[in-house]
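Notes follow once the structure below has been shown.
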Amino acid sequence: MPNEHVFRDRREAGAALAELLRPLAGERPIVLALPRGGVPVGFEVARALGAPLDVLLVRKVGAPGNPELGIGAVAEGGVRVLDPGSVRALLVSAEELETALRRADTELAERSRRYRNGSSPRDVSGRTVIVADDGLATGGTATAAVRALRQRGAARVVVAVPVAAHESAARLRELADAVICVQEPVELRGVGAWYADFSQTSDAEVTSLLKQATAEIGGSSGGPPADDPPDPESVRIPVGGDRSIEADLVVPSGVRGLVIFAHGSGSSRHSARNRHVAAALQQDGLATLLLDLLTPEEELDRGNVFDIALLAQRLLVATRWAAAEPATRGLPVGYFGASTGAGAAMVAAARAGDAVRAVVSRGGRPDLAAPHLGAVRAPVLLIVGGDDRVVLDLNREAAAQLRAPCELVVIPGATHLFEEPGALDEVASLAGTWLVRQLTD
């Protein structure tokens with residue numbers, strides 16, 4: 001491993017990480033560090049961004065007889081994340097598992113008393129939260145952290161680490177809004193291998209850094225956002241027989257249109273990136289419908305995930321459902337598709353005719369709808385990352401086949417998932433401005 005890839009210690013690693021996170025300063029984030037090793041990293045990030053610093057209590061659940069081998073994690077708020085494969089492979093009994101979980105919960109409670117001295121966790125509702133740690137190996141504790149913050153109402157969750165295993169970071173990006181790393185090797189060979197000094201962080205250092213952060217940066221959380229997003233309403237949309245798909249509907253006051261989201265393969269209505277864009281569209285006065293395109297039983301067949309005709313049919317069913325619902329009846333409709341969902345959105349738009357007024361594709365695959373592109377009447381906005389070269393070429397070919405008005409916008413330096421700082425915000429801004437124009441003209 002080249003010497004220049006090794007951090008001197010956690011403080012130096014945190015300073016390097018902070019440089020990548022500076023574009024997030026305008027979002028007035030809160031930095032939550034995973035103790036103990038994540039606190040020195042988080043301290044440097046918080047100081048660079050002028051953000052408040054606190055701890056986020058997460059604890060690995062160790063395997064019976066081998067506590068260093070993680071089989072899951074627990075986090076504040078009663079969040080439990082288990083690795084079923086490891087539990088089965090190690091033949092962990094229900095009693096052993098419950099004992100391990102109780103032990104982890106007890107350690108969490110003890111750490112809360114030690115680091116917070118009886119104070120409550122920081123309010124993160126409606127805020128951007130940066131989760132800082134010294135490294136990401138399997139991603140179990142980070143997964144529990146993200147889920148805990150979703151449960152506490154965080155608007156956006158960014159996991160930030162100096163070094164992460166590439167495969168673990170890729171999995172976590174399906175759950176978090178972004179995963180930012182200084183180094184992301186294919187072979188991690190242990191987080192400690194990337195530090196010259198990886199000695200254990202003491203409890204005394206954790207409490208000292210938290211006090212120093214309060215003194216230097218201040219304890220204010222910065223206050224809530226100017227406008228809280230409306231609460232989503234969980235709905236079920238019948239799709240035939242006794243089957244139905246689940247969806248989350250948000251209708252802001254003064255609503256001007258409805259945007260129906262089509263997620264990509266391997267995702268769902270809980271897609272962190274689509275939720276982030278949807279929140280921005282709601283601020284623009286647009287209702288949003290994020291839906292699961294398949295039933296839980298249908299998701300078990302991976303072939304359905306790539307069945308563009310089936311996914312498009314589900315979009316059409318949701319469009320007809322929305323046209324009959326009192327809260328959304330009469331609203332002009334647009335589609336927002338990501339990845340393979342963009343292909344389904346194109347097919348559905350071609351079949352819907354004038355019932356759909358606009359289509360936006362984020363890092364999408366409109367080429368999957370190639371036989372139908374010429375029949376799309378609605379204006380189309382294609383947003384692609386400049387570094388997502390294969391998909392960019394596919395979008396250029398699809399744009400040439402469209403007869404409807406089409407704009408192709410390339411975001412320089414962005415990759416397929418738009419996880420780079422500020423990239424997803426640019427997607428949301430572009431989509432919001434364009435959709436409002438198309439749906440209200």
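The values are calculated or read from the model by the stated rules, or taken from the named source; none is laboratory data. All values derive from a computational prediction rather than experimental measurement. Virtual Cβ from ideal backbone geometry, glycine too; neighbours counted across all protein chains shown.
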How many residues does the range 110-149 hold that are in contact with a strand residue (DSSP E or B) (Cβ under 8 Å, 6 or more places away or on another chain) and without any contact (Cβ under 8 Å) to a residue 24 or more places away in the chain? 0
Tell me yes or no: at least one residue of the range 64-81 is assigned by TED's automatic domain parsing to the domain that holds residue 162, closer than 22 Å to residue 188 by Cα, at pLDDT 90 or above and out of contact with any helix residue (DSSP H, G or I) (no Cβ under 8 Å at 6 or more places or on another chain). no
Quick one: how many residues across the range 344-372 are among the aliphatic types (A, V, I, L, M), in a helix (DSSP H, G or I) and more than 16 Å from residue 313 (Cα to Cα)? 1
Scan of the range 284-315 for residues that are over 23 Å from residue 383 (Cα atoms), part of a helix (DSSP H, G or I) and of a type outside the set (D, E, K, R), ordered by number: 296, 303, 304, 310, 313
So, of the residues in the range 402-429 that are surrounded by fewer than 18 Cβ atoms within 10 Å (Cβ to Cβ) and among the β-branched types (Val, Ile, Thr), which turns out to be modelled with the lowest pLDDT? 415
Which of the residues spanning the range 341-360 are surrounded by 23 or more Cβ atoms within 10 Å (Cβ to Cβ) and either at positive phi or among the hydroxyl-bearing types (Ser, Thr, Tyr) (or both)? none
Members of the range 101-128 found to be among the charged types (D, E, K, R) and over 19 Å from residue 151 (Cβ atoms), listed by number: 102, 103, 107, 110, 113, 114
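Tell me yes or no: at least one residue of the range 244-265 is part of a strand (DSSP E or B), surrounded by fewer than 18 Cβ atoms within 10 Å (Cβ to Cβ) and in contact (Cβ under 8 Å) with a residue 40 or more places away in the chain. Write out each step before concluding.
From the range 244-265, those part of a strand (DSSP E or B) are 244-250, 257-262; that's our starting set.
Then drop every residue that is not surrounded by fewer than 18 Cβ atoms within 10 Å (Cβ to Cβ), which leaves 244, 246.
Imposing the further condition that a residue be in contact (Cβ under 8 Å) with a residue 40 or more places away in the chain reduces the set to 244, 246.
Yes, the conditions are met somewhere in the range 244-265.
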Yes or no: residue 382 touching a helix residue (DSSP H, G or I) at 6+ places or on another chain (Cβ under 6 Å), modelled with pLDDT of 95 or more and surrounded by fewer than 20 Cβ atoms within 10 Å (Cβ to Cβ)? no
Tell me, yes or no, whether the range 189-196 has at least one residue that is aromatic (Phe, Trp, Tyr), at pLDDT 90 or above and in contact with a strand residue (DSSP E or B) (Cβ under 6 Å, 6 or more places away or on another chain). yes
Would you mind finding the one in 87, 55, 61, 45 that is of a type in the set (Val, Ile, Thr), modelled with pLDDT of 90 or more and under 30 Å from residue 186 (Cβ atoms)? 45
